[in-house]
Amino acid sequence: MPELPEVETIIRGLRRRVLNRRIANVEFLLPKLVVGNVDQTAARLRGQRIVGIRRHGKYIVFELERGRKRSCLVVHLRMTGNFIVDGDAGPHTRAIVALQGGPTLLYHDMRKFGRWQWSERLPERLRELGPEPLEITLEDFAKRIRSRHAMVKAVLLDQEFLRGLGNIYADEALFRARLHPKANTAKIGAKRAGRLHAAIRDVLTEAIAQGGSTIINYVDSEGAQGYFQLQTYVYGKTGEPCKVCRGKIRRTLVASRSTHYCSKCQRR
DNA sequence: CGAGTCCTGTGT
DNA sequence: ACACAGGACTCG
């Protein structure tokens, strides 16, 4: 269930372990993992050197090179995807990547929602996504948010608005900004936009820092245990007292996603 | 917009 | 038995 900070932590681990390695062989244990033809994808990947590993929102982009030819492998972990270096294959192992002279990279995915796509250039779908939440300027953010007419929580989850925010960090950012999740984005002025922009940056930065310092290393065998999670103020705290005002944390639905907020701190 | 879909596991 | 899960796509 990785969002931006978890994916960032994963790619940093992958860089340490598999960057500059050559793919000796790829075995797909779940054909539907692959977008497009499985055998062709496996053939395309064979012999590629991994020359870069980047994050694009919640997507992992492996930059590949074989001879002069560049291409990429785009992986989305969705809910339960995970990489494990030198771990043991199990019932949830969906792909096995053998690296020349290096470790074996396993891909686990209990719910089978993850997707792998090989292509020569960055897929169109990825280029349609919004800016990185940690790169967007306040000015641009304020302008973009006011151009939308929807509940702010729904907008934060929209990857074409910003790429990488998910349900947890959207809720946590709104809490920190003291914005009600159902507030209308069209009515968000400079002051509230400033608070939200800062809150998003802060919560993601803290989570990435925590991911980097956490004992769990996703990319090693213990990674299968699960993802780290930043200490939350509202997410999953339904019925508990708010840590700031002691008010009750409520749960509601926005865009058919479970949404948590403090009714006292977060005014409409 | 919302609802349904893809999947399996966990918690009540 | 049933609701719910941190994601995203498709359809009406």
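Here, each number is a calculation from the coordinates, and none is a lab measurement. Keep in mind it's a predicted model, so treat the numbers as computed, not measured. Reconstructed Cβ throughout: ideal geometry from the backbone, glycine too, with neighbour counts over all protein chains shown.
Data overview
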quantity	calculated
Span from the segment A:231-258 Cα centroid across to the segment A:83-128 one, whole angstrom	34 Å
Farthest toward positive dipole pole in chain A [+1 Lys/Arg, -1 Asp/Glu at C-beta], among A:261, A:113, A:72	A:261
Chain A: DSSP helices with Cα axial extent of at least 30 Å and average Kyte-Doolittle hydropathy no lower than -0.5	A:190-213
Tally of Lys pairs whose C-alpha atoms are under 17 Å apart, taken over chain A, 8 or more apart or cross-chain	12
Net charge contributed by nearby residues that have their C-beta within less than 13 Å of residue A:258 (K/R +1, D/E -1)	+4
Translational diffusion of chain A, µm² s⁻¹ [Kirkwood Rh, Cα pairs; Stokes-Einstein; 10 °C; 1.306 mPa s]	81 µm²/s
From the C-alpha gyration tensor of segment A:161-216, square roots of 5λ in Å	24, 11, 9
Computed label-point distance, nm, for sites residue A:238 and residue A:119 using a 7 Å Cα→Cβ extension	3.7 nm
Pair-distance profile P(r), taking every C-alpha pair of segment A:12-53, with 5 angstrom steps and integer %	5, 23, 23, 21, 21, 7
Distance in nm between pseudo-label sites at residue A:134 and residue A:146 (7 Å out along the Cβ direction from Cα)	2.8 nm
Relative contact order of chain A, defined on C-alpha pairs under 8 angstrom at six or more residues apart (%)	19 percent
Rg and Dmax of segment A:1-95, Cα atoms only, in Å	13.1, 38
Order by protection proxy (mean Cβ within 10 Å, highest first), peptides A:177-183, A:31-37	A:177-183, A:31-37
Charge dipole magnitude, Cβ of K and R +1, D and E -1 - chain A, Cα centre, debye nearest 20	1060 debye
Furthest towards positive pole of dipole, A:174, A:134, A:154, structure part segment A:46-187, Cβ charges	A:154
